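*Asks:* Have a look at the structure that comes next, please.
The values are calculated or read from the model by the stated rules, or taken from the named source; none is laboratory data. Just so we're clear, the structure is a prediction, and the values are computed from it rather than from any experiment. Cβ: placed from backbone, ideal geometry, glycine included. Neighbour counts: every protein chain shown.
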Amino acid sequence: MEWLRLSPVEWDAMRLSLRVAVWAVLLSLPLGIAVAWVLSRLDFPGRRLLDGCIHLPLVLPPVVTGYFLLLAFGRNGFIGSFLYAHFDFTLAFRWTGAVLASAVMAFPLMVRAIRLSLDNVDRGVEAAARTLGAGPVRVFFTVTMPLAVPGVITGAVLAFARSLGEFGATIMFVSNIPGQTQTLPLALYTLTQVPGGESGAMRLCIIAVIIAMVALVSSELLSRRHATALDG
Amino acid sequence: MRVKRTQGRFLVDVDFTGASSGVTALYGPSGAGKSSVIGMIAGLARPDSGRIAIGDRALFDSGRGIDLPPEKRRVGCVFQDGRLFPHLSVRSNLTYGMKLISPAERKIPLDQVIDLLGIGHLLDRNPKHLSGGEKQRAAIGRALLISPSALLMDEPLASLDPARKDELIPYIACVGREFSIPVLYVSHSLQEIRRLTDRIVFLRDGRVEQVAEC
């Protein structure tokens, strides 16, 4: 079983990937819920444009998205230079940049799932809550959100899985620096490029499968617990 | 109330005064604008112009620029499909609106409502496991517990079978009397209405055809 032992580089890659994926999901979830709500409930000029922009990362080659991120958030980019000049903060070639890349790539999947469940929330029940004295914000937190929980769970898990698999945008935006930005897929790719890297690559594959399975099963358990809670 | 509202090519132009307590029925064939009227009183639909008031409290007055949002109107609504919160128990459904008003304003006690509607044994159940009649009783209780200044009922019996209807009508009849709240009861069944009240507003094609005490 000696060959199953992870090397320090592989450990780093796994930990980094998990950290990046968790942060990407946590940071984009509030925005994802907000955007999904806007798309589901509001009708305004430019709604289709917003919808299209959010879906862009899903259809663009990831490398293109990564390049855009580099142009915008690189140290010389229009947002990146501002952040660097005023907050001494940079995303390029840092793990935080990998978080941004993963979040952007996973965002359309997250929004789609949440929006779908928001569309399914009965507007009549929300209206009933209004007549009972609840303002729009209270209705959102006490009626809409609890009923949309399954979609939020699905969206978060999809985004998490997508983040773990992020390759193109990440390597373009933050490069492939071991211990800094070398996530699991990047490490796996690197290992296959060097002689004798096959066993390492296989170990990372197995880890990727395990993480994905754990994420899937836990989302299934969460949804089922929510369903039984609804059953009372 | 007196309101006008255009919905596409359909014009609702209604002017009537309900009884200050007890049941007033709003009768008309489907498409007469009954539900629009309810929606406008509840604040869920906006009239183009007119005035809606309960007593001397204006809910909507286009002349004076008054348009209270539904949560400020304190108008209890019972809908055809119940619209109980599926993620809450019957008890939490009942107290949802009650908890949003200050205890001093709660004129209708929880225990009395539960007794009157006979829903004591259902409190810990999920709405999904209630029969149609039980759902509507819970919905009536939920609307009563905000101590409303009026109670609107939009075909609350329409989705029930005849036996359930018979079971529910006495509850509705006593609600208005017991708490002396004006009740506006919408239905397309005269038979149903006759058992509840003799004060009927006839609606046709978005207009009041007749107000009758029969």
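*Asks:* Suppose we keep only residues that are among the charged types (D, E, K, R) and not in a helix (DSSP H, G or I) within segment B:105-115. Which one would you say is nearest to the other protein chains (Cβ to nearest Cβ)?
*Replies:* Going through the qualifying residues, I end up with B:ARG106.
*Asks:* Quick check on segment A:96-114. Is at least one of its residues of a type outside the set (A, V, I, L, M, F, W, C) and over 30 Å from A:ASP12 (Cα atoms)?
*Replies:* Scanning segment A:96-114, I find at least one residue that is of a type outside the set (A, V, I, L, M, F, W, C) and over 30 Å from A:ASP12 (Cα atoms), so the answer is yes.
*Asks:* Another question about this same structure. Tell me, which helices (runs of 4 or more DSSP H) lie completely within segment A:23-94 with 3 or more residues that are in contact (Cβ under 8 Å) with a residue 24 or more places away in the chain?
*Replies:* Helices (runs of 4 or more DSSP H) meeting the threshold: A:47-59, A:62-73.
*Asks:* Specify the residue that is farthest from the chain's Cα centre (by Cα); the eligible residues are those in segment B:50-82 that are at positive phi and more than 12 Å from chain A (Cβ to nearest Cβ).
*Replies:* In this case the residue turns out to be B:GLY65.
*Asks:* Taking the criterion of being more than 20 Å from the chain's Cα centre (by Cα) and modelled with pLDDT of 90 or more, would at least one residue in segment A:71-84 satisfy it?
*Replies:* yes
*Asks:* Which of the residues spanning segment A:175-193 are part of a helix (DSSP H, G or I), under 19 Å from the mean Cα position of the chain (by Cα) and buried (at least 21 other Cβ atoms within 10 Å of the Cβ)?
*Replies:* Scanning segment A:175-193 gives A:LEU184, A:LEU186.
*Asks:* Could you check how many residues of segment B:37-49 are surrounded by fewer than 20 Cβ atoms within 10 Å (Cβ to Cβ), more than 12 Å from chain A (Cβ to nearest Cβ) and within 21 Å of A:ALA129 (Cβ to Cβ)?
*Replies:* The total comes to 1.
*Asks:* Here's another thing I want to ask about it. Just to be sure I understand, how many residues within segment A:22-78 are among the charged types (D, E, K, R) and surrounded by fewer than 15 Cβ atoms within 10 Å (Cβ to Cβ)?
*Replies:* Of the residues in that region, 4 qualify.
*Asks:* Do we have any residue at all in segment A:101-116 that's over 22 Å from A:GLY151 (Cα atoms), surrounded by 21 or more Cβ atoms within 10 Å (Cβ to Cβ) and under 18 Å from the mean Cα position of the chain (by Cα)?
*Replies:* yes
*Asks:* In segment B:14-28, which residues are at pLDDT below 80, under 17 Å from B:GLN210 (Cα atoms) and either outside any strand (DSSP E or B) or not hydrophobic (A, V, I, L, M, F, W, C) (or both)?
*Replies:* B:ASP15, B:PHE16, B:THR17, B:GLY18, B:ALA19, listed by residue number.
*Asks:* If B:ASP124 satisfies every condition in (1) within 14 Å of chain A (Cβ to nearest Cβ); (2) in a helix (DSSP H, G or I) but one, which is the exception?
*Replies:* Of everything listed in (1) within 14 Å of chain A (Cβ to nearest Cβ); (2) in a helix (DSSP H, G or I), B:ASP124 misses just condition (2).
*Asks:* Return a yes/no flag: does segment B:134-142 have any residue that is closer than 30 Å to B:GLY33 by Cβ, out of contact with any strand residue (DSSP E or B) (no Cβ under 8 Å at 6 or more places or on another chain), without any contact (Cβ under 8 Å) to a residue 40 or more places away in the chain and not hydroxyl-bearing (Ser, Thr, Tyr).
*Replies:* So far as segment B:134-142 goes, yes, one or more of its residues are closer than 30 Å to B:GLY33 by Cβ, out of contact with any strand residue (DSSP E or B) (no Cβ under 8 Å at 6 or more places or on another chain), without any contact (Cβ under 8 Å) to a residue 40 or more places away in the chain and not hydroxyl-bearing (Ser, Thr, Tyr).
*Asks:* Still on this structure, I have one more. Scan segment B:103-124 and report the pairs whose first residue is more than 14 Å from B:ARG142 (Cα to Cα) and whose second residue is of a type in the set (Lys, Arg) and surrounded by 13 or more Cβ atoms within 10 Å (Cβ to Cβ), with Cβ atoms within less than 7 Å and a gap of 6+ or a chain change.
*Replies:* The qualifying pairs are B:ASP124/B:ARG91.
*Asks:* When segment A:13-56 is examined, which residues are found to be among the charged types (D, E, K, R) and within 20 Å of the chain's Cα centre (by Cα)?
*Replies:* Matches in segment A:13-56: A:ARG15, A:ARG19, A:ASP51.
*Asks:* Another question, then. Give me a count of the residues in segment A:118-131 that are within 14 Å of another protein chain (Cβ to nearest Cβ), part of a helix (DSSP H, G or I) and surrounded by fewer than 22 Cβ atoms within 10 Å (Cβ to Cβ).
*Replies:* Qualifying residue count, segment A:118-131: 6.
*Asks:* Let me ask something else. Can you tell me which residue in segment B:91-104 is surrounded by the fewest Cβ atoms within 10 Å (Cβ to Cβ), limited to those that are more than 9 Å from chain A (Cβ to nearest Cβ) and hydrophobic (A, V, I, L, M, F, W, C)?
*Replies:* Among them, the one singled out is B:ALA104.
*Asks:* Might you check whether a residue that is buried (at least 18 other Cβ atoms within 10 Å of the Cβ), within 14 Å of another protein chain (Cβ to nearest Cβ) and out of contact with any Lys or Arg (no Cβ under 6 Å at 6 or more places or on another chain) occurs anywhere in segment A:157-173?
*Replies:* no
*Asks:* Right, something else. Of the conditions (1) over 21 Å from A:THR65 (Cβ atoms); (2) touching a Ser or Thr at 6+ places or on another chain (Cβ under 7 Å); (3) more than 13 Å from every other protein chain (Cβ to nearest Cβ); (4) modelled with pLDDT of 90 or more, A:ILE210 clears all except one; give me its number.
*Replies:* Condition (2) is where A:ILE210 drops out.
*Asks:* Further question on the same structure: Kindly indicate which of A:GLY66, A:GLY46 is of a type outside the set (A, V, I, L, M) and modelled with pLDDT under 90.
*Replies:* Going through A:GLY66, A:GLY46 in turn, just one is of a type outside the set (A, V, I, L, M) and modelled with pLDDT under 90: A:GLY46.
*Asks:* State which residue is modelled with the lowest pLDDT when the search covers only segment B:134-170 and only residues that are surrounded by fewer than 18 Cβ atoms within 10 Å (Cβ to Cβ) and under 17 Å from the mean Cα position of the chain (by Cα).
*Replies:* The extreme case among them is B:SER159.
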